[in-house]
Amino acid sequence: MDDPGIKKQNWDVKETELFLEILKELDMKKCLDGRKVRNNKLFKVAHRRMTAAGYHRSVDQLKFRWKLLKSAYYKCKREPDSPAPTKIQGWWRYEKTMVAIMESRHPSLVGAGVNSDRIHDEGTEDSDGDASVLHWPQPCPDKSAQNLDLIIKMDPEMDSQLKIGFIGAGNMAFGIAKGILSGNVLPVNVKVSAPSSKNLGRFQELGISVTHSNVEVVCGSDVVFVAVKPHLVPLVLNEVSQHVTDRHIIVSVAAGVTLSTVEELLPENSVAIRLMPNLPCLVQEGALLFARGSYAKQEDGALLRSLLHRCGLVEEGPEAWIDIHTGLSGSGVAFVYLFAEALAEGAVKMGMPSALAHSIASQTVLGAGRLLRDSGKHPAQLRSEVCTPGGTTIYGLHTLEQGGVRAATMSAVESATERARELGRKSAGAGSRK
C-alpha cells in the first residue's frame, strides 16, 4: 500500500516539467527504453538534480509522481478519446514529454500537449487527486528563471571529479566536508589546510588529505572553502591570491566578510561566493544560505548547491540576507541550545533526574523542529494546537511571555546580526590596509 504521506503533496507545473525533462535526458544518455530503467539509481540521480534546482522532494516522492504520470500515460494509450486523466490535472502539458520518454521520441519542446484541442485545466497547479494537508516547500521566487537546460546538463556525477579544498579546519569546515563526502565527492579529491594539527585528525579519519600549506590547497582544488575567522580572511587571501585562476570558485564561510571585500583581495574577475552554514551541518541538518559575487554565474551557484545539498537546507539569496541568516540560524543554534538547557533545568528543579531531563529536552526540540519543518504550518498555529483552554501549556506560555522571551529572542537575533555586520566592516578595513 502506498504511503499516504507520499500522496499528499502539491506539484506545480514547472516542477513536473523539470522532473520529466530530467528523466527524459537520463534515458537519452543511457540509450535505454524508458519503461525498463525506472530503477532506484536513476531516481537518486533525478533527486540530486531536482534538489540542485531548488525542489526538495524525497526519492519516494519522485517515484510516486512517476507512477501517477505513467498510469496516466497508459490510460491515454488504452482510451485515446477519453478526457484527460483526473488524477493529473494539467496532463495536456506533460503528455508529449511522457510519450518521448515511453516511446523513445525526443521532442525539443517540453510539456507541449499532443492533443492541443483537449480541454485545458483552469488551474495553474496540478494535484495528485487528494487535497494536500502539507504545504510542501517550494523554491525561492528568484529561481524561477533558471535555465532548464543548465540544470539538466549539470550532471551530479560530475561532483565526483571536482577537487575540493578547505582553508581552515574548524567545525564549519568539518560539517561541510562530511556533507560533501556523503554525496559523490571522493575523499581523495578533498584537501584541508590548517596552521596546526589540532583539528586535522578528524579529517584524516574521513580519508581526507591534510596539509599546513594554504597554497597547496588552492593549487590542487577547483572549489576552495575559506573557513577561517573573519579577521584572518585578508591574510589568507593575500597569501593565496596569486594562485587563484579563472577555474577556481572561492567560497567564503567567514561571518561578516562581504563579497566586495573578498573580491578586492582576489585577482580581477575571480568567482567568489559567500556562504553561511550553521553547526547542524555536522549531522547533515544544517541551514545554509549563499550569495553569488559579481562574477559568479548561475551555474556556479547550481554547482555549489549540488555539492552542499547533503548538508541540509541550501538556499540562495541576496547578500543583504547573509548577516541576518547569521543571527537567525548561525547564532540561532546557540539560542535553541540555551532554551533546551533551560527546559531540562526546569524539569530537574521539579524533581526529574538530570540525564533523563536533558535527553527528553533534546528530543522535544528535535521533534518540534521536524514537525514545524515538515508540516509547513506557521509556528503560531502549531503552538495553538498544543494549548487547551485552562490547560498546562497556556499557563506555561503566559509565564514565558511575562519573562519577555519573545522580545529577548528577537533582540538576540538583532544583536547577532549587527555584530556580523560590524565584523564585516572591520574585515573590510583590514583588507584595504593590505
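Here is the size of the range 293-426 from its Cα atoms: Rg then Dmax, 18.8, 59 Å. Distance between the pseudo-spin-label points of Lys70 and Val336 (7 Å out from Cα toward the beta carbon): 3.7 nm.
Each of the peptides 275-286, 190-201, 366-377, 250-261 was scored by the mean count of other Cβ atoms within 10 Å over its residues; in descending order, highest first, they stand as 250-261, 275-286, 190-201, 366-377. Exceedance of the 21 Å cut-off in Cα-Cα distance is limited, within the set Lys14/Lys178; Lys14/Lys70; Lys44/Lys377; Lys70/Lys377; Lys24/Lys63; Lys14/Lys75, to Lys14/Lys178; Lys44/Lys377; Lys70/Lys377; Lys14/Lys75. A crude spin-label estimate for the pair Leu206 and Glu422, with each label 7 Å from Cα along the Cβ direction, gives 3.2 nm.
Any read-out appearing in this document is the output of simple, stated calculations on the displayed coordinates, not a laboratory observation. Note that the coordinates shown come from a computational prediction; the quantities given were computed from them, not determined experimentally. All Cβ positions, even for glycine, are placed from backbone atoms using ideal geometry, and neighbour counts span all protein chains on display.
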